[in-house]
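Q: Please see the structure below; I have some questions.
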Amino acid sequence: MKTLLTGGAGYIGSHTAVAMIEAGHDVVVVDNYYNSSPEAIRRVEEITGKKIALYEADAADAEVMRKILHDEKPDCIIHFAGLKAVGESVAKPVEYYRNNIDTTLTLLECMREEGVTNFVFSSSATVYGEDNVPPFTEEMPKGVCTNPYGWTKWMQEQILRDATVANDELSVVLLRYFNPVGAHESGKIGEDPQGIPNNLMPYISQVAVGRRDHLTVFGDDYDTPDGTCRRDYIHVMDLAEGHVKAAEYAVSHKGTEVFNLGTGNPYSVLDMVNAFSKACGHQVKYEIGPRRAGDVQDSWANADKAKAVLGWEAQRGIDEICRDAWNWQSHNPQGYDK
Ligand code: NAD
Ligand code: UD1
């Protein structure tokens with residue numbers, strides 16, 4: 001199978017490229033490097049020993065995407081390209097709606113014109129909103145999103161569902177990721193956020209490597225065993241392998257299917273600090289701060305459907321997550337650029 005990865009130079013896309021190639025599939029990458037660098041793909045080639053067809057292009061540019069689909073004739077598209085910083089989406093909602101929704105609409109139009117019928121979409125557990133109680137199951141009502149980023153995911157899911165209702169040939173798999181973390185076991189690729197990280201794991205990694213002084217834990221007065229929020233942290237290679245199963249499923253089915261990709265196991269912020277401290281061999285310094293606006297106390301998956309239908313379940317736990325994140329960070333203290 002030939003799979004086209006939009007946003008394939010990004011964090012999850014680059015790891016998925018490795019997993020797809022290791023499963024025997026061909027990969028084509030389209031990225032505009034808004035939040036990534038071609039170096040990630042060079043390293044995917046190093047890990048896999050395979051040359052990847054790489055296009056620097058905007059996935060919202062219909063003319064360019066039509067030509068790429070025409071020339072490459074992929075069996076399936078995995079659509080990672082998008083803007084993903086929750087706080088930034090509050091400050092720049094128009095840019096978020098424009099980029100995230102335009103890319104999906106453009107791809108659907110070009111797929112129709114070029115006869116591509118299989119699509120896998122990067123959605124997020126954020127669509128469950130604040131009112132559902134974990135573990136989240138796929139059929140729970142989508143909640144009220146707390147930020148424009150979340151709404152773009154919710155809206156893209158709806159657009160894709162409507163498109164499959166109108167076109168019997170179309171197959172769409174919506175993947176709701178929980179908290180992707182960690183890095184490829186080689187330490188050659190990993191998460192490389194621009195500026196100050198918003199997310200927990202890259203922040204912990206940068207404290208551990210000495211780029212930042214300490215982590216601020218956002219609140220220890222939640223109704224949880226240690227007072228800090230709980231999340232479902234999933235190793236990015238488990239997530240990547242989930243995409244292989246999802247793409248294989250997409251090409252052999254029609255209609256829309258939705259799957260949670262999570263482990264089903266919640267861990268607190270302090271659990272993650274402690275596991276990372278063990279992995280890097282020294283205590284990661286932290287201070288307790290106030291709660292962060294918009295945080296939900298608890299979020300974790302019921303991942304039974306992915307196991308039952310896709311035959312997929314996460315294999316790696318928090319010790320592997322922290323080991324691999326540290327391996328990446330300690331060998332690439334400044335990320336890809338340096
Ligand atoms: P990332 O920023 O590392 O990767 C996204 C890639 O898309 C980047 O390489 C960026 O340059 C590219 N891109 C953005 N707009 C583009 C456009 N118009 N045309 C071409 N390329 C474009 O992010 P990631 O963590 O790998 O996330 C991938 C997808 O998964 C995103 O859609 C994100 O919203 C979703 N997601 C991520 C998380 C997470 O925690 N990382 C959680 C849930 C969902
Ligand atoms: C956030 C987004 C989610 C998005 C995901 C990936 C919100 C409400 N959710 O998830 O939509 O898909 O990022 O981009 O923003 N924490 C600290 N200190 C820090 C950073 C985080 O204590 O410096 C805590 C948070 O309060 C939270 C946990 O760590 O309890 C995980 O935070 P984070 O990694 O940002 O992910 P989410 O908030 O779950």
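Q: Give me the lysines in straight-line cross-link reach of Lys188: C-alpha distance below 17 Å, same-chain residues under 8 apart excluded.
A: Correct list for Lys188: Lys50, Lys51, Lys338.
Q: Starting from the 7 Å offset along Cα-to-Cβ, what nm value, one decimal, do you get for the label separation of Val209 and Ser37?
A: 1.1
Q: For Leu310, Leu107, which order do you get if you count the other beta carbons within 10 Å of each Cβ and list the fewest first?
A: With the sparsest Cβ surroundings first, the list reads Leu310, Leu107.
Q: At a Förster radius of 56 Å, what calculated FRET efficiency corresponds to the Cβ-Cβ distance of Ile196 and Lys254, to the nearest 0.05?
A: For Ile196 and Lys254, the calculated efficiency is 0.80.
Q: Please compute the contact order of the chain in relative form: average sequence separation of alpha-carbon pairs under 8 Å and at least six residues apart, divided by the residue count, as a percent.
A: 19 percent.
Q: Rounded to the nearest 500, what is the chain's calculated 222 nm mean residue ellipticity when only DSSP H runs of at least 4 contribute -39500 (n - 2.57) each, over all residues?
A: -12500 deg cm²/dmol
Q: Considering only the other residues whose Cβ falls under 13 Å of the Cβ of Glu109, what net charge follows from Lys and Arg at +1 and Asp and Glu at -1?
A: -3
Q: Express the Stokes-Einstein translational diffusion coefficient of the chain in µm² s⁻¹, to the nearest whole number, given a Kirkwood radius over alpha-carbon pairs, 4 °C and a viscosity of 1.567 mPa s.
A: 64
Q: Given the C-alpha atoms of the range 243-338, compute the convex hull and give its volume per residue in Å³.
A: Looking at the range 243-338, the number lands at 175 Å³ per residue.
Q: Arrange the following residues from fewest to most other Cβ atoms within 10 Å of their Cβ: His331, His184, His15. Can you show the working numbers first?
A: Numbers: His331 13, His184 22, His15 28.
By the 10 Å Cβ count, ascending: His331, His184, His15.
Q: Here's something else I'd like to know. Pairs Lys245/Lys305; Lys73/Lys305; Lys278/Lys305; Lys92/Lys153; Lys245/Lys307; Lys67/Lys153: which are spaced more than 21 Å apart, C-alpha to C-alpha?
A: Beyond 21 Å: Lys73/Lys305; Lys278/Lys305; Lys67/Lys153.
Q: Provide the net charge surrounding Ala81, with neighbours chosen by a C-beta distance below 9 Å and charges set as Lys +1, Arg +1, Asp -1, Glu -1. Before the final figure, lay out each step's value.
A: Numbers: positive: none; negative: Asp31, Asp58.
That works out to -2.
Q: Related question: Using a cut-off of 10 Å between beta-carbons, work out the net charge of the residues near Glu320 (Lys and Arg +1, Asp and Glu -1, Glu320 not included). Write out the running numbers ahead of the final one.
A: Values: positive: Arg316, Arg323; negative: Glu185, Asp238, Asp319, Asp324.
Spelling it out: positives minus negatives among the neighbours equals -2.
Q: How would the range 15-122 be classified by its alpha-carbon gyration tensor: rounded, prolate or oblate, with rounded meaning a/c under 1.5 and the a/b versus b/c comparison settling the rest?
A: oblate
Q: Over the range 88-237, what is the relative contact order in percent, taking alpha-carbon pairs closer than 8 angstrom and at least six residues apart?
A: The normalised contact order for the range 88-237 reaches 22 percent.
Q: Further question on the same structure: Once you place label points 7 Å from the Cα toward the Cβ at Glu169 and Arg291, how far apart are they in nm?
A: Modelled inter-label distance: 5.1 nm.
Q: Can you bin the range 156-260 into rounded, prolate or oblate? Criterion: square roots of the alpha carbon gyration tensor eigenvalues sorted a ≥ b ≥ c, rounded for a/c under 1.5, prolate for a/b above b/c, oblate for the rest. Don't skip to the answer; put the middle values down first.
A: Details: a/c = 2.83, a/b = 1.92, b/c = 1.47.
Prolate is the answer for the range 156-260, as a/c is 1.5 or above and a/b outweighs b/c.
Q: Treat each spin label as a single point 7 Å out from the Cα along the C-beta direction, and report the Met140 to Arg161 distance in nm.
A: 1.6
Q: Would you kindly calculate the translational diffusion coefficient of the range 24-80, applying Stokes-Einstein with the Kirkwood radius from alpha carbon pairs, for 37 °C and a viscosity of 0.692 mPa s, and quote it in µm² s⁻¹ without decimals? Could you put the intermediate results ahead of the total?
A: Numbers: Rh = 12.3 Å.
Calculated translational D: 267 µm²/s.
Q: Using the 10 angstrom Cβ neighbour count as an exposure proxy, how do His282, His25, His243 rank, fewest first? The partial results should precede the final answer.
A: On the way: His282 9, His25 17, His243 29.
Least crowded to most crowded, the residues run His282, His25, His243.
None of the figures in this text is laboratory data; all of them are computed from the coordinates on show. The shown structure was predicted, so the numbers you read here are calculated from the model rather than taken from an experiment. Cβ: placed from backbone, ideal geometry, glycine included. Neighbour counts: every protein chain shown.
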